[in-house]
Amino acid sequence: MVALVGVSQAQTPAPAKAAAKAPAPVRQNPATLAQLMKGSLYPSSNVIFAAQGDNPADVPPAKDPATSVNPLASSYGKWEAVENAGLAIAEAANLLTTPGRKCSNGRAVPMTNADWPKLVQGLRDAGMAAYKAAQSKNQDKILDAADVMTTACANCHDKYREKPTLADRCK
């Protein structure tokens, strides 16, 4: 045993007790699937779609870029905004697989359906395609990436969103 100089045996620190495990945070999903789409995926996809026709490098900054509602004219605008939009779409795809999320009609998001993971992966891939295209700063590549995104969105919307009534969505 190593003696601690100037510390008596009685003063030797006791081994730390195992830290009590904190309870896992309760995951909450305050947004419905439609709200998630409208608040995150729709605005991000619009940045990518805008880059098809207007070169992001040519978008002038807003009068106050820090408060701009146009991502392309914001402090993180131009091609960086398109990159960020692609990454936001890829990341938001993860939110489509969060247990407990509801559709706007109260029905559970169809995560247990066999096609759901494939549809979500298509969206994730579309976001990454847009990110890579934006990194190249090439509008022809953005056109291709936007096509991938349009297809990914349509695949899911055709199956789960485009229904005669709201009650039929997410079936």
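Inter-part distance, region 84-118 to region 42-72, computed on C-alpha centroids, equals 26 Å.
Extension gain, Asn94 to Ser40, is 18.2 nm, computed as 0.36 nm per intervening residue step minus the present C-alpha separation. Note on the chain: helix-only mean residue ellipticity at 222 nm, from DSSP H runs of 4+ residues weighted -39500 (n - 2.57) and normalised by residue number, equals -14000 deg cm²/dmol.
For the chain, the alpha-carbon radius of gyration amounts to 1.54 times the rule-of-thumb value 2.2 N^0.38 Å expected for a compact globular protein. PRE reach from Ser136 (point 7 Å along Cα→Cβ): which of region 89-129 fall under 12 Å by backbone N? Residues passing the 12 Å test: 129.
Around the Cα centre of the chain, unit charges on the Cβ atoms of Lys, Arg, Asp and Glu (plus for the first two, minus for the last two) sum to a dipole of about 880 debye. For Lys78, the aspartates and glutamates whose Cα falls under 12 Å of its own Cα, not counting residues fewer than eight places away in the same chain, are Asp54, Asp58.
Can you tell which of Val82, Ala129, Leu166 lies farthest toward the positive end of the dipole of the chain, using +1 and -1 charges on the Cβ of basic and acidic side chains (Lys, Arg; Asp, Glu)? Value computed over the given set: Leu166.
Net charge of the neighbourhood of Ala31, taken over other residues with C-beta under 11 Å away and scored Lys/Arg +1, Asp/Glu -1, is +3.
Taking the C-alpha atoms only, the angle from helix 139-156 to the longest principal axis of the chain is near 80 degrees. Here's the picture: a label point sits 7 Å out from the Cα of Leu143 along the beta-carbon direction, and within region 58-95 the residues with their amide nitrogen under 19 Å of it are 58.
Kirkwood analysis of the Cα pair distances in region 52-114 returns a hydrodynamic radius of 14.0 Å.
Computed about its Cα centre, the charge dipole of region 84-143 is approximately 100 debye, with only Lys, Arg, Asp and Glu carrying charge at their Cβ.
For the chain, the list of Cys residues with no other Cys C-beta under 4.7 Å reads Cys153, Cys156. To the nearest ten degrees, helix 116-136 and the longest principal axis of the Cα atoms of the chain are 80 degrees apart. Helix 42-53 versus the longest principal axis of the chain: what is the Cα-based angle in degrees, 0 to 90, to the nearest 10? For helix 42-53, the angle is close to 50 degrees. For trypsin sites (Lys or Arg not before Pro), the sites in region 15-94 that DSSP calls loop and that have at most 14 other Cβ atoms within 10 Å are Lys17, Lys21, Arg27, Lys63. Taking only the Cα atoms of region 75-142, the ratio Rg/Rh comes out at 1.11, with Rh defined as the Kirkwood radius.
No lab work stands behind these numbers, since they all come straight from the coordinates. As the structure is a prediction and not an experimental result, all values here were calculated from the model. FYI the Cβ positions are ideal-geometry reconstructions off the backbone, even for glycines, and counts take in every protein chain you see.
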